[in-house]
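A.B. asks: Okay, here's the structure, questions in a sec.
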Amino acid sequence: MSRTLKLAAVIGAMTSLPITPSVAAAENLKVVASFSIIADFAKNVGGDRVDIITLVGPNGDAHVYEPKPADAATVGSADVVLVNGLQFEGFLQRLVEASATKAPVVELTKGGEVLRNTGEEGHHDQDKAAEGGEGHAAAEEGHEEGHHHHGESDPHAWQSVHNAELYVKNIADAFCAADAAGCDTYRANAESYGQQLDALEAEIKAAVAEIPEDKRTIITSHDAYGYFEHEYGIKFLAPEGVSTESEASASDVAALIKQIRQDKASAIFVENVTNPRLIEQIASETGLKVGGELYSDALSDKNGPAATYLEMMRHNITTIKGAILGS
Amino acid sequence: MRTNWASATAIALLLSLSTSAAHAEEVTAWRLFISDHADPKVTVIDAVDGGKLDTFQIKGPASLHRSESGRTVFAVQGSAGVVTGIASGISFEDHGEHGDIDVEAPKLAGVEIAGEKPSHFVDHDGDFAVFFDGEGVARIISEKAVLEGKSDFRELKTDAPQHGVAVAYGSHVLLSEPNREKPDELPVGIRVADKAGAQVGGIHACPDLHGEASSGNILAFACATGLLVVTHGDGSPAIRHLPYSDSLPDGKTTTLIGGRGLQYFLGNYGADKVVLIDPTIESDAFRLISLPTRRVHFAVDPVRAKFAYVFTEDGQLHQLDVVKGEIASSLKLTGPYSMDGHWNDPRPRIAVAGDRIVVTDPLQGVLHLVDATSFQKTGDIAVEGKPFNIVSVGGSGQTHEGE
Ligand SMILES: [Zn+2]
């Protein structure tokens, strides 16, 4: 609500000032992106009109990130703050509060279809939010700010390229609201990046089509691929839920191993944001060979195989296909 | 008739179930636990209405510690050689879509751990470690055991008596390493012990070790040379040394507290300064903040992550903006409390209870109440004797009838 209002206020200010604010013309838009994938989208839309600071960088896990005072200062001086929403960034509320930022905080999943985590039972939140009005160290917000609801909604919407287009549209809208003079550029950039996303999606669909239907069940460490599954028809199972915050219990793992045997999973993968140990253990118990590393909630660093969103999605589908067909 | 009546009840019940969230009562409860500088007692005050809830007689004057969960308060009685567990009476349970609060009377938990000169108390994820300086022994007990009234502690011995510290860190224990050449001086490092008590790796040097705190997933010890920074490594704790930056004047941190909501550490550094520390960055990890006079006590605000508070000997409470790294406001609360004299003389201590900052004024026998949002004094509460150490426990949650 307040976000919408803030955004509306910014748009209002722009329309009442037909002359472009000198700030936008004189210097770049200061954009804060909560994590690396959003930063990449923002770079594609903003081009050289924006300066982007990323809070949770390459290979970082935004689910459990603990914001620092310097992050609050960064957010405090931003013109636009881009976040995923759907409680992906567990730190967001306390960071925004501490920053006292006047910038619009734009949830890029707004307007999209939200998947609920229908995952297996057992992914109960640990009793961590039960914290008398005080943040659990840096890990939880307290009851004072209203109760922290652990989302059942799956926040990993970017795992569908279709949704990535929504992120891009929302970014373009946010940039246009903050910098009307650059709006045509942002729209044009979004349009051409959108074409690359369309091509990417076609590639993913073609790759999935080459995988026999009875081999389309695979294992990763946490439930990060619900949207990929929903959009492209590969079934992902994982010992951890939609957040990496609570660890998988022994019974979760046992249930998963049983399910792997029943569903005859074709391949198992480690993820760049999580400890590979649990996956290695499940692999050895089920006789599956670890088929490589998938990028789930963060890009690789710039020398890695997933330095951009396009590279990440290509790397993931290539790795998945290679492991299944090679098995 | 009877059938109709029954079905009407059933409908009423269904209605009440379906709207239970709306009908559940939102309850806020905050309690202050206050020890006396001279008398062996802990006074419990309802921070919401200012009324006294109870007074517990213990064996000696105590320093107080609350657990991370807030369910337990520990009274460490150094001179009496005992540590007493108190159940705060307030607990929270998370139900995903809402949080429940349970409020009962505070009571002595029935757990006492005796030993020579208990000093530092550390809670890490619900495991409490108390270090007994006179024996060089750590005694570790879980919060669960304390709340069940069971004195089921385990013991780890170091090589010598020392003013030490221990942390139960998952399946490992971190123990201070005594100074062998000069047994009266502070410990010289940290040793890691596994579940069986066997040493893992070498000693992590930390000369003049004094001060320990956690913030989020980072634990730190203060040393004469910098901080030891502990994180979860692959299978055992990962420990690295973060040296004080060259830009700092000569000095060291001997008291450390950890940010909540934001990840940072706040330490003393010289008598009239504090240092803000972000151990995750390479350069500018330390930001020094000068105070108008010498520092008496400091505390972080667990609710408004942006603020910490420092009390100085001129009787002022300062609101420290940890984002900007500067004092945002100052408020005169008490008469002067000189830092000349013994370190443990009666001087003010700070606790934050929801929207209130509470400062003890031992020589006047009162607690000063400051509104955390306006940073203005809103009242005080008289407490018999010399109210000294203080901790607060509480928060808001829902209660449901019939549970
Ligand atoms: Zn995730």
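The values are calculated or read from the model by the stated rules, or taken from the named source; none is laboratory data. In this text the structure is predicted, and so the values were computed from the model without any measurement. FYI the Cβ positions are ideal-geometry reconstructions off the backbone, even for glycines, and counts take in every protein chain you see. Please note that ligands, DNA and RNA were not included when accessible areas were found on the heavy atoms of the full protein model with its side chains. Shrake-Rupley method; radii C 1.70, N 1.55, O 1.52, S 1.80 Å.
A.B. asks: Out of all the residues in the stretch B:177-209, which are surrounded by 20 or more Cβ atoms within 10 Å (Cβ to Cβ) and either under 17 Å from B:Asp127 (Cβ atoms) or of a type in the set (Val, Ile, Thr) (or both)?
C.D. replies: B:Val188, B:Ile190, B:Val192
A.B. asks: Here's a follow-up. Restricting attention to the stretch B:75-88, and to residues there that are of a type outside the set (Val, Ile, Thr) and crowded, with 20+ Cβ neighbours inside 10 Å, which single residue is nearest to the other protein chains (Cβ to nearest Cβ)?
C.D. replies: Initially, the stretch B:75-88 is screened for residues of a type outside the set (Val, Ile, Thr), giving B:75, B:77-81, B:85, B:87-88.
When the remaining residues are screened for being crowded, with 20+ Cβ neighbours inside 10 Å, the result is B:75, B:77, B:85, B:87-88.
Numbers: B:Ala75: 19, B:Gln77: 25, B:Gly85: 18, B:Ala87: 14, B:Ser88: 9 Å.
For the stretch B:75-88, the residue satisfying everything is B:Ser88.
A.B. asks: Out of the residues in the stretch A:152-162 meeting the condition of being surrounded by fewer than 23 Cβ atoms within 10 Å (Cβ to Cβ) and outside any loop (DSSP other than H, G, I, E, B), tell me which one is nearest to the other protein chains (Cβ to nearest Cβ).
C.D. replies: First pass over the stretch A:152-162, keeping only residues surrounded by fewer than 23 Cβ atoms within 10 Å (Cβ to Cβ): A:152-153, A:162.
Filter once more, keeping what is outside any loop (DSSP other than H, G, I, E, B): A:153, A:162.
Numbers: A:Ser153: 12, A:His162: 29 Å.
Looking at the filtered set, the residue picked out is A:Ser153.
A.B. asks: Go through (1) without any contact (Cβ under 8 Å) to a residue 24 or more places away in the chain; (2) within 14 Å of chain A (Cβ to nearest Cβ) one by one and return the number of the condition B:Asp100 breaks.
C.D. replies: Every listed condition holds for B:Asp100 apart from (1).
A.B. asks: Same structure, new question: Which of the residues belonging to the stretch B:213-235 are open to solvent by less than 40 Å² (accessible area, probe 1.4 Å) and touching a residue at least 60 places away in the same chain (Cβ under 8 Å)?
C.D. replies: Scanning the stretch B:213-235 gives B:Ser214, B:Ile218, B:Leu219, B:Val230.
A.B. asks: May I pose another question? Please determine whether any residue of the stretch A:204-212 is under 29 Å from A:Gly292 (Cα atoms), of a type in the set (Lys, Arg) and touching a residue at least 60 places away in the same chain (Cβ under 8 Å).
C.D. replies: Restricting attention to the stretch A:204-212, the residues satisfying the condition of being under 29 Å from A:Gly292 (Cα atoms) are A:204-212.
Checking the rest, the ones that are also of a type in the set (Lys, Arg) come to A:205.
In the following step, the residues that additionally are touching a residue at least 60 places away in the same chain (Cβ under 8 Å) were identified as none.
The answer is no; no qualifying residue exists.
A.B. asks: Something else: Between A:Gly292, A:Gly287, which is open to solvent by 20 Å² or more (accessible area, probe 1.4 Å), closer than 21 Å to A:Ile37 by Cβ and either in the same structural domain as A:Gly57 (by TED's automatic domain parsing) or of a type in the set (Gly, Ala, Ser) (or both)?
C.D. replies: That would be A:Gly292, the only listed residue that is open to solvent by 20 Å² or more (accessible area, probe 1.4 Å), closer than 21 Å to A:Ile37 by Cβ and either in the same structural domain as A:Gly57 (by TED's automatic domain parsing) or of a type in the set (Gly, Ala, Ser) (or both).
A.B. asks: Scan the stretch B:64-74 and tell me whether some residue there is open to solvent by less than 20 Å² (accessible area, probe 1.4 Å), in contact with a Pro (Cβ under 6 Å, 6 or more places away or on another chain), modelled with pLDDT of 95 or more and not hydroxyl-bearing (Ser, Thr, Tyr). Break it down into steps so the answer makes sense when it comes.
C.D. replies: Going through the stretch B:64-74, the residues open to solvent by less than 20 Å² (accessible area, probe 1.4 Å) turn out to be B:64, B:67, B:70, B:72-74.
Retained after the next criterion (residues that are in contact with a Pro (Cβ under 6 Å, 6 or more places away or on another chain)): none.
Within the stretch B:64-74, not a single residue is open to solvent by less than 20 Å² (accessible area, probe 1.4 Å), in contact with a Pro (Cβ under 6 Å, 6 or more places away or on another chain), modelled with pLDDT of 95 or more and not hydroxyl-bearing (Ser, Thr, Tyr).
A.B. asks: Continuing with the same structure: Scan the stretch B:207-221 and give yes if some residue there is away from every other protein chain (no Cβ under 14 Å), β-branched (Val, Ile, Thr) and touching a strand residue (DSSP E or B) at 6+ places or on another chain (Cβ under 8 Å), otherwise no.
C.D. replies: No: zero hits.
A.B. asks: Within the stretch A:196-273, which strands (runs of 3 or more DSSP E) (wholly inside it) include 3 or more residues that are away from the ligand (no atom under 13 Å from the Cβ)?
C.D. replies: Once the strands (runs of 3 or more DSSP E) in the stretch A:196-273 are filtered for at least 3 residues that are away from the ligand (no atom under 13 Å from the Cβ), what remains is A:217-219, A:267-271.
A.B. asks: In addition: Could you tell me whether B:Ala168 is closer than 24 Å to B:Val352 by Cβ and of a type in the set (Gly, Ala, Ser)?
C.D. replies: Details: closer than 24 Å to B:Val352 by Cβ: no; of a type in the set (Gly, Ala, Ser): yes.
Judged against the criteria, B:Ala168 is not a match.
A.B. asks: Quick one: how many residues across the stretch B:372-391 are open to solvent by 10 Å² or more (accessible area, probe 1.4 Å) and within 14 Å of chain A (Cβ to nearest Cβ)?
C.D. replies: 2
A.B. asks: Kindly indicate whether any position in the stretch A:19-28 is buried (at least 18 other Cβ atoms within 10 Å of the Cβ), more than 14 Å from chain B (Cβ to nearest Cβ), assigned to a helix (DSSP H, G or I) and modelled with pLDDT of 95 or more.
C.D. replies: No, the stretch A:19-28 contains no residue that is buried (at least 18 other Cβ atoms within 10 Å of the Cβ), more than 14 Å from chain B (Cβ to nearest Cβ), assigned to a helix (DSSP H, G or I) and modelled with pLDDT of 95 or more.
A.B. asks: OK, next. Say whether the condition of being within 12 Å of chain B (Cβ to nearest Cβ), away from the ligand (no atom under 16 Å from the Cβ), in contact (Cβ under 8 Å) with a residue 24 or more places away in the chain and farther than 16 Å from B:Asp321 by Cα is met by at least one residue in the stretch A:85-102.
C.D. replies: Among the residues of the stretch A:85-102, at least one is within 12 Å of chain B (Cβ to nearest Cβ), away from the ligand (no atom under 16 Å from the Cβ), in contact (Cβ under 8 Å) with a residue 24 or more places away in the chain and farther than 16 Å from B:Asp321 by Cα, which makes the answer yes.
A.B. asks: Looking only at the stretch A:29-79, filter to residues that are in contact with an Asp or Glu (Cβ under 6 Å, 6 or more places away or on another chain) and not in a loop (DSSP other than H, G, I, E, B); which one of those is nearest to B:Gly261 (Cα to Cα)?
C.D. replies: A:Val64
A.B. asks: Let me ask something else about it. Of the numbered conditions (1) open to solvent by 60 Å² or more (accessible area, probe 1.4 Å); (2) more than 16 Å from the ligand (Cβ to nearest atom), A:His315 fails exactly one; give the number of that condition.
C.D. replies: So the condition that A:His315 fails would be (1).
A.B. asks: In the stretch B:287-336, how many are away from chain A (no Cβ under 14 Å), among the aromatic types (Phe, Trp, Tyr) and open to solvent by 10 Å² or more (accessible area, probe 1.4 Å)?
C.D. replies: 1
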